[in-house]
Amino acid sequence: MENIILTGDRPTGRLHLGHFVGSLKRRVELQNKNDYKELIILIADAQALTDNSGNPQKVRDNVIEVMLDYLAVGLDPKKVTFCIQSEIRALPELTAYYMNLVTLPRVLRNPTVKSEVKLRGFGNNEESGVPIGFVNYPISQAADITAFKANLVPVGDDQEPMIEQTREIVRSFNRIYNTDVLVECKSVLPDNEICNRLPGTDGNAKMSKSLGNCIYLSDDENTIKKKVNSMASFPRAIEEPGVIEGNVIFTYLRAFATNEHFEKYYPEYKNLDELEMAYKKGGLGDGRIKKFLNDVLQEVIKPIRQRRIEFSKNIPYILEILKEGSKKANALADKTLDEVKNAMGIDYFANDKFSNEQIKKYSD
Ligand code: TRP
């Protein structure tokens, strides 16, 4: 079977190192493997609006910011179809039909939605409660995925409940309407825990814009340095043994430091295992380790930042990519919508079937 790969992001801010290790790197790998018929990246503006209804300008402004990050990490518009969710008119219509296949208790059980509702602090009354559109977003995400008949969806494991929900919708739809129009998908997850959930610079939680603990792919040299220096470390006398577990500096080194980095910036040690052993023995201060981490992160981010600056000088080019990509995606999704309506028997004027059937019924 030919793979159709689809993934997306909400345009609510620039992308950061958590996005980089958690999904962007993987996308570039998939792109370069060339084992697909379509690789589609959706900028999910409509989904971003489900909890930003009062702030459309934020969503609008971040469409290009996110595109700049995509291009800067090496995603190639010749290989990837980039599109804007709200430009694809079939999506809300598919969502509307799928909504009838999912019960309210099933939607409310979604653990990711539950924790997001908590995190955003929605209230319980009619004014402050969670918007219907927000609890519904897994169903609209099922429309995103099925509209393109995607079989592979690269995401972090927090999105697994959405993929499961999508599969349930596909099965219900195909069973109820006795069809095979919709395609079952599976997730492609990051291959290790650190990549799946890179902690923020405060070491406490996942890197996330709302927690203000991010290093952005667009951060300048000084900002990166400051953020690395402000990373949490456990106070101790230098000769005392250091602790690796829960030490965010070492978590970052695990995610980013290569043996080449050691050779270049910390030749006293061959690799991270050796450094960790020395650190655990004692005698190694956090200052030196942070300096190394800073060297590593500067080397990772610098080419990305530079490419980002170059691309930002040619916004018309980026707009053209998005416009063309959205047009293409719109046509693909329209085709699926036609098939869906046909399977449901509500494609009244797509052919003569309905007309003939009704004329015959009343002429007998
Ligand atoms: N919910 C995803 C996120 O918050 C973004 C998204 C929207 C998505 N539509 C998608 C991801 C379709 C994968 C497939 O990151």
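What follows draws every value from the coordinates through simple rules; no lab data is involved. As the structure is a prediction and not an experimental result, all values here were calculated from the model. Note: ideal-geometry Cβ built from the backbone for every residue, glycine included; neighbour counts use all protein chains shown.
Could you please state, rounded to a whole Å, how far the C-alpha centre of the range 320-364 is from the C-alpha centre of the range 95-114?
25
What ranking do HIS261, HIS16 get, fewest neighbouring Cβ atoms within 10 angstrom at the top? Can you show the working numbers first?
Working: HIS261 20, HIS16 23.
Ascending Cβ contact count within 10 Å gives the list HIS261, HIS16.
Listing LEU108, LEU71, LEU322, LEU182 from the residue with the fewest other Cβ atoms within 10 Å to the one with the most, what is the order?
LEU108, LEU322, LEU71, LEU182
Which whole-number percentage describes the relative contact order of the range 219-311, with Cα contacts under 8 Å and a sequence gap of 6 or more?
Working: 79 pairs, mean separation 35.8, N = 93.
This gives 38 percent for the range 219-311.
Please tell me the relative contact order of the chain in percent, rounded to the nearest whole number, where contacts are Cα pairs under 8 Å and at least six residues apart.
22
From zero outward in steps of 10 Å, how is the percent of C-alpha pairs of the range 273-364 spread across the bins?
Bins of 10 Å from zero give 12, 17, 14, 13, 13, 13, 9, 6, 3, 0 percent of pairs.
Residues of the range 91-113 with the amide nitrogen closer than 15 Å to a label point 7 Å from the Cα of PHE122, along Cα-to-Cβ, please.
Of the residues in the range 91-113, 104-113 have backbone N under 15 Å from the label point off PHE122.
log₁₀ I(q)/I(0) of the range 205-364 at q = 0.09, 0.18 Å⁻¹, via Debye over equal Cα point scatterers, no solvent, to two decimals?
So the normalised log intensities are -0.55, -1.11.
Quick one: order CYS185, CYS83 by neighbouring beta-carbon count within 10 Å, fewest to most.
CYS185, CYS83
For the range 78-132, divide the Cα radius of gyration by the Kirkwood radius and give the resulting Rg/Rh value with two decimals.
Here the Rg-to-Rh quotient is 1.10.
So, by mean Cβ neighbours within 10 angstrom, what's the order for 33-39, 337-343 with the highest one leading? Numbers along the way, then the final one.
Working: 33-39: 14.4, 337-343: 18.0.
Most protected by this proxy first, the peptides run 337-343, 33-39.
What fraction, in whole percent, of alpha-carbon pairs in the range 219-311 exceed 15 Å separation?
Across the range 219-311, Cα pairs with separations above 15 Å total 60 percent.
For the pairs LYS25/LYS328; LYS270/LYS313; LYS186/LYS335; LYS37/LYS270; LYS58/LYS79; LYS58/LYS118, note any where the Cα-Cα span goes beyond 32 Å.
Where the Cα-Cα span goes over 32 Å, the pairs concerned are LYS270/LYS313; LYS37/LYS270.
Ranked highest first by the average count of other Cβ atoms within 10 Å around their residues, in what order do 41-47, 207-213, 263-269, 123-129 fall?
In decreasing order of mean packing, 41-47, 207-213, 263-269, 123-129 become 41-47, 207-213, 263-269, 123-129.
Which three extents, in angstrom, do the Cα atoms of the chain have along their principal axes, listed largest first?
Answer, in whole Å and largest first: 97, 45, 39 Å.
At a 10 angstrom cut-off on C-beta neighbours, averaged per residue, how do the peptides 225-233, 310-318 rank from highest to lowest?
Order by mean packing, descending: 225-233, 310-318.
Return the inverse of the average 1/r over all pairs of distinct C-alpha atoms in the range 69-215, which is the Kirkwood hydrodynamic radius, in Å to one decimal.
Radius from the Kirkwood sum: 17.3 Å.
Between TYR265 and PHE349, what FRET efficiency follows from the Cβ-Cβ distance if R0 is 56 Å, with the result rounded to 0.05?
Using R0 = 56 Å, I get an efficiency of 0.25.
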